[in-house]
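To start, the structure itself, in structure tokens.
The values are calculated or read from the model by the stated rules, or taken from the named source; none is laboratory data. Model, not experiment: these values are computed from the prediction. Note that each Cβ is placed from the backbone with ideal geometry, even for glycine, and that neighbours are counted across all protein chains shown.
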Amino acid sequence: FGFLTSKNEQFRNGLIDAGNEAILIGKNLGDVLSVTSTLASEFGLTLAEAGDLSNKVLDTAVATGISNDEATKLFGTFMQIGDLTAKQAEDLIENTAQLAAQKGVAPTAVLQDMAGSAEEIAGFTKGTGENIAEAAVQARQMGMSLSTTAKIAEGLLDFESSITKEVE
């Protein structure tokens, strides 16, 4: 952000403020910059939006026990694919962690699985994304990952189309 921070005082000050807030939760300015950069480059948020969202992402990472990168991917995926607001994405992530805990499954494992399964989330998410959260928890209850259950579901669909073709 070298050029931007030297030419855009408001953006620079926003990043510094975000870095100061991050220190309160055990993070630092480097974490803010990393999250901001990832949200802007991989998920199409403007730098201002990404900068504003960075502390929420870091706070969620601390609260749920996942890495900054995993929290960033979850926020970005839900906002981009699920068309959720930042608040809705945060609520979905935290509700998923709570659901996993209620079901006796490690919340961190479920959230890490979801963070690594953006393609599956894109293919199977409906509406608010709650269905994918429930699927991730159920998959983990069976000792499987979300991506494994997605492959099984796709295989079943292929099997169904195969039977249909055979009948025709």
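Taken over region 40-91, the criterion of being more than 10 Å from the chain's Cα centre (by Cα) and charged (D, E, K, R) is satisfied by E42, E49, D52, K56, D59, D83, K87, D91. Filter region 87-99 for residues that are over 11 Å from G65 (Cβ atoms), in contact with a Pro (Cβ under 9 Å, 6 or more places away or on another chain) and not polar (S, T, N, Q) and give the result. Of everything in region 87-99, just one residue is over 11 Å from G65 (Cβ atoms), in contact with a Pro (Cβ under 9 Å, 6 or more places away or on another chain) and not polar (S, T, N, Q), namely L99. The helices (runs of 4 or more DSSP H) falling completely within region 10-88 that include 1 or more residues that are at pLDDT below 85 and farther than 28 Å from V105 by Cβ map to 29-43, 47-64.
When the test is whether a residue is at pLDDT 85 or above, outside any helix (DSSP H, G or I) and surrounded by fewer than 18 Cβ atoms within 10 Å (Cβ to Cβ), G104 passes it.
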